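Quick note: the coordinates plus some simple rules give every number you see, no bench work behind them. Because the structure is a prediction, the values reported are computed rather than measured. Note: ideal-geometry Cβ built from the backbone for every residue, glycine included; neighbour counts use all protein chains shown.
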Amino acid sequence: MLDYITSYLGLNQTPGQAGNIFWVTVYILIVFGGVSVAVMAMNWLERKALAHFQIRLGPMRVGPHGLLQPIADAVKLLTKEDIIPDEADKFVFWIAPLIILCASFAVYIVVPFGPTHAITDVNIGILFMLGVSSLSVLGVVMAGWASNSHYPLIGSLRSSAQMISYEVAMGMAVVSAILMTSLNKTGTGTLSMIGIVQAQQEQHIWFLFKFFPLGFIAFVIFAIAMVAETNRAPFDLPEAESELTAGFHTEYSGLRWSLFMLGEYAAMIAVSSIAVTLWLGGWMRPFPNTLTGDTWDLVFSLIPGFLFLGLALIAFIGVTRMPKHPYFKIQTIGLAGFGAVLGLIGLILFIPPVRDRIQDIFWFVAKVGVFMYLYIWYRATFPRYRFDQLMKVGWKVLLPIAIGVVILTAIIGVLA
Amino acid sequence: MQPVATTFFFYFLSGLTLVSGILVITRKNPVHSALALILGLLSQAGLYLMLYAPFVAGVQIILYAGGIMVLFLFVIMLVNIERVEKEREFNKQWLVGILAAGALGALFVLIYTRGRELFPNQTNLPLETNNTQQIGVMLYGQYMFPFEIASLLLLVAIIGAVVMAKRRI
Amino acid sequence: MPDQMTKDPYLSNLELGQPDKTFLDSNELIINMGPQHPATHGVLRVILKLDGEKVLGTECVIGYLHRGVEKIAENRTYTMFNPYVDRMDYVAAVSNGLGYCEAVEKLMNIEAPPRANYIRVILTELNRIASHQLWLGTHALDIGAMTPLFYTFRDREEILKIFEKYCGARLTTHAFRIGGCLYEAYEGFEEDVKRYIDFLPPKIDEYEELLTTNRIWVERTRNIGKISAEDCKALGVTGPVLRASGVKWDIRKALPYANYTEFDFEIPTGTSGDTYDRYLVRMEEMRQSLRIIRQAVERIPEGPIMAKVPKVIKPPVGEVYHSIEAPKGELGYFIVSDGSTQPYRVRVRPPSFVNLQALDVMVRGALVADVIAVIGTLDIVLGEVDR
């Protein structure tokens, strides 16, 4: 038994490839737990960042600077009354959020956090991710239908039409990135997620900059399509509050609605990780080829530690700025404790063994974090597209450009 | 990677496919039938995986379960459900139906027993890692012409649908 | 649900045909944007007749905020009625007060002294800016841009602070009295206003930066809700809606009141009468109002702020119609006096009430999502529509 566990540690493969069920389970628990924590953190970040864009503070009361607000939200949603519409189809009503949740979470088994830091590496990795995330459309359609009411049905049909339209443009952009993976010595590309990042590593360039501007245009198309795919602003007409049709999750209350929200944020993180893997070099640190050498490696490997120490510093500055009133004593202590935990994590990240292992995961998560911030930024800034304009952008603007990029990439790839 | 528990997964997935097939025809509610069909398609994708054809499995999920079934669901949901549910589930021709199904089943059994050479016990399975490449090479090399004809057919279908459904350009 | 709606008396002129089998089988659908809706700016009920997503016709049902203000006027003296006037267009209360006081002054042949006129103009133009800022925030929010709302409300706070220091109230100000102003401009009034004049132009630029060239905003507002100049004149639509259709009509220039002749400003007009032009017209109006305020605050004379008005206001028998350019359009007061201390009849011509008629014309053939944009661009306040 112990041999089974330790036999994996010597290998240089993902646990799925090695067939080690124990480590697969451990990785699954870590990844899914991490994604759940990330979703909660994203919820908090969205409210705070949106508030700061709108010159207000956001949640400040529950925990220092609202850090415990997601927990309060979760508790509130859990204790709400579970209302099922009268004539609704109970089985479909029950299963719709589960389908969205399972589809959004199942894609994480191929997300590459590092060359061996993935749950497994299927050799159709990107195809698997696109396919399983397209299963969430089924959940949306079923949610709207099971609510047995006109407006959720219209909203869900619109949502799902939008999602499948932008999947086409997404797929085309992905194809152009996959084409670039085949520009290596053997001439065969790969669909596996780890293989794509390794192709970028071998070709010494992020696919974002390859055949400039083709890679960049493909990235932009994917970035726009992924925002539309996850029904986020500015493409969130089906679920906007001020429109007539109120969206497919109107009739859901309490825990079921929180499952939708969980699925939506998980899908956001998943498509962002596709974008990071395909164009932004996955887990590679910035400038792996122009700034080579052991010193530069050392400098870049110290960045995670310094980042957490910086966050701890911000937390301590926040502690000094807290009001000196007895009511705020617990919050001040809480914030100081949080700062201490962050500082501790930062110090741990300086230890060499931890430092080396954590490099890939850190850069991957940092890049995905940039995308999350972009999502919030879009929501704060842009007005909403009307539905027909939305579909027009998807079919008549993004798709022709994407097809053009594929053709040009293929031509240049063959010629060069 | 060594395959794990092949027999169990085979029986499990095939059983799932059969059960979902039966559910498709026995459910009164058309949406439940469509959901059962989705379940059947997904278990079929699992069977493709067991046959070392991951690309086909992925495409099955993307296209069939994620695209075509969504289309089915759209159509089912936009049609008047109450009228459909009031119809009788099995019409009066069930005897002829059973006879026809029995005859078809007997034909299948006959083919399998008489034509046993057609179903080899061992084949040279192509390498799992090459599945995508091999399909690509075949589709765009050997079977280029049928591939393009099929895509042309789909284009005709799309144009026909748009022409029939549009009210103004 | 369709059966319930066919019994509704307001739907008779929407020419309903057969009741629907399923709501998606037949072509026409009646949807009710109920009195409680986040985007109708108050309690407005709009019944839409749709063909799929296209709007075939609308019917507005109003009256949910009717408080009988005009009837109340018949039982109050002229001075007692003054505070009621603010509550009609509660967003631009100072304009309402100005119109009423000037109407009664016209009836009684009183002239407000020059200093009072200057204070009146400054406060009214400040209120115009505040009203347009509120309009901009809510209109952008309806179309989906969340952030301009907070920016405009933050900047509107400065104006409301000035109002509060002047007369004690932020929203329903009751700032003017018949014959002039009651309150003297407080210590530091001119400094505050001058500070505001310098504070605002970068903020207007900020709003424009967020919206004017944003492609999504332009696509949502250009060619939406078009109304021609002839239709405007036929319906009696006034205000920025009329000016955006190309008609250069502003009562401050055409039939000037309260010393507007002494100020130098321009009237922005649009060309195509769509939502985007109305947006541009109102943004420019904010800048022109700042121009008026700048000139006024530099030239404000000393003197009395109240004319010689008898203690008991008893206008001679007669009637008067006086209209002003409120932020939303032509606000008119028709007062009939029978010689007693209480008016015989006060009839208010609210701009939003008349502009709301244009909704039907603007929205025919557009999509449902545009109805909300058009209601926003008309800038209606239900307090005024219903009174």
Options C:Gly270, B:Val137, A:Ile351, ranked by Cα towards positive dipole end of the protein assembly as shown, top entry (Cβ charges): A:Ile351
For chain C, find the longest principal axis of its Cα atoms and tell me its angle to the long axis of helix C:147-167, 0 to 90°, nearest 10. 30 degrees
Violating pairs (Cα-Cα greater than 32 angstrom) within the set A:Lys76/A:Lys329; C:Lys49/C:Lys71; C:Lys165/C:Lys233; A:Lys48/A:Lys324; C:Lys71/C:Lys203: C:Lys49/C:Lys71; C:Lys165/C:Lys233; C:Lys71/C:Lys203
Among A:Leu309, A:Leu399, A:Leu208, whose mean-square fluctuation peaks in a Gaussian network model of chain A (Cα, cutoff 10 Å)? A:Leu309
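What Kirkwood hydrodynamic radius, in Å, does segment C:168-229 give when the mean of 1/r is taken over all pairs of distinct Cα atoms and then inverted?
Working: mean 1/r = 0.0625 Å⁻¹.
Mean inverse Cα-Cα distance, inverted, gives 16.0 Å.
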Taking neighbour Cβ counts within 10 Å as the exposure measure, how do C:Asp142, C:Asp250 sort from fewest upward? C:Asp250, C:Asp142
Binned at 10 Å from zero, the C-alpha pair distances of segment A:359-416 give percents of 18, 21, 33, 26, 2
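What fraction, in whole percent, of alpha-carbon pairs in segment C:88-204 exceed 17 Å separation?
Values: 3843 of 6786 pairs.
So the portion of pairs separated by more than 17 Å is 57 percent.
For chain A, what are the DSSP H helices with axial Cα length of 20 Å or more and mean Kyte-Doolittle hydropathy of at least 1.0?
Length and hydropathy pass: A:21-53, A:90-106, A:214-229, A:255-279, A:294-320, A:329-348, A:399-415.
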Rounded to the nearest 10 degrees, what's the angle between the helix C:93-108 long axis and the longest principal axis of chain C, both from Cα atoms, 0 to 90? 60 degrees
Could you work out [θ]222 nm for chain A from helices alone, using -39500 (n - 2.57) per DSSP H run of at least four and dividing by all its residues? Round to the nearest 500 deg cm²/dmol. -22500 deg cm²/dmol
Quick one: helix C:114-143 against the long Cα principal axis of chain C, what's the angle to the nearest 10°, folded into 0 to 90? 20 degrees
What is the order of A:Lys367, C:Lys248, fewest Cβ neighbours within 10 Å to most? C:Lys248, A:Lys367
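Per residue of A:119-127, count partner chain C-beta atoms within 10 Å of its C-beta, then hand back the mean as an integer. Walk me through the numbers before you get to the answer.
Details: counts 0, 1, 0, 4, 7, 12, 2, 1, 8.
Per residue, the number of nearby Cβ atoms from other chains is 4 on average.
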Average beta carbon contacts from partner chains per residue of B:51-62, 10 Å cutoff: 4
Overall dimensions of the protein assembly as shown as given by Cα atoms, namely Rg and Dmax in Å: 34.2, 119
Can you spot the aspartates and glutamates whose alpha carbon is less than 20 Å from B:Lys28's alpha carbon? Ignore those fewer than 8 places along the same chain. A:Asp86, A:Glu87, A:Asp89, B:Glu82, B:Glu85, B:Glu87, B:Glu89
Each residue of C:369-379 has, on average, a number of other protein chain C-beta atoms within 10 Å of its C-beta equal to 2
Within straight cross-link reach of A:Lys80, meaning Cα distance under 20 Å, which lysines are found once same-chain residues fewer than 8 apart are removed? A:Lys90
In what order do C:Ile129, A:Ile154 fall by count of nearby beta-carbon atoms within 10 Å, going from fewest to most? A:Ile154, C:Ile129
A:Lys210: which lysines have alpha carbons under 30 Å from its alpha carbon, excluding same-chain residues fewer than 8 sequence positions away? A:Lys185, A:Lys367, A:Lys392, A:Lys396
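Using the Cα gyration tensor of chain C, with a ≥ b ≥ c the square roots of its eigenvalues, what is the shape: rounded (a/c below 1.5), prolate (a/b larger than b/c) or oblate (neither)? Write down the numbers at each step before the final one.
On the way: a/c = 2.23, a/b = 1.45, b/c = 1.54.
Because a/c hits 1.5 or more and a/b fails to exceed b/c, chain C counts as oblate.
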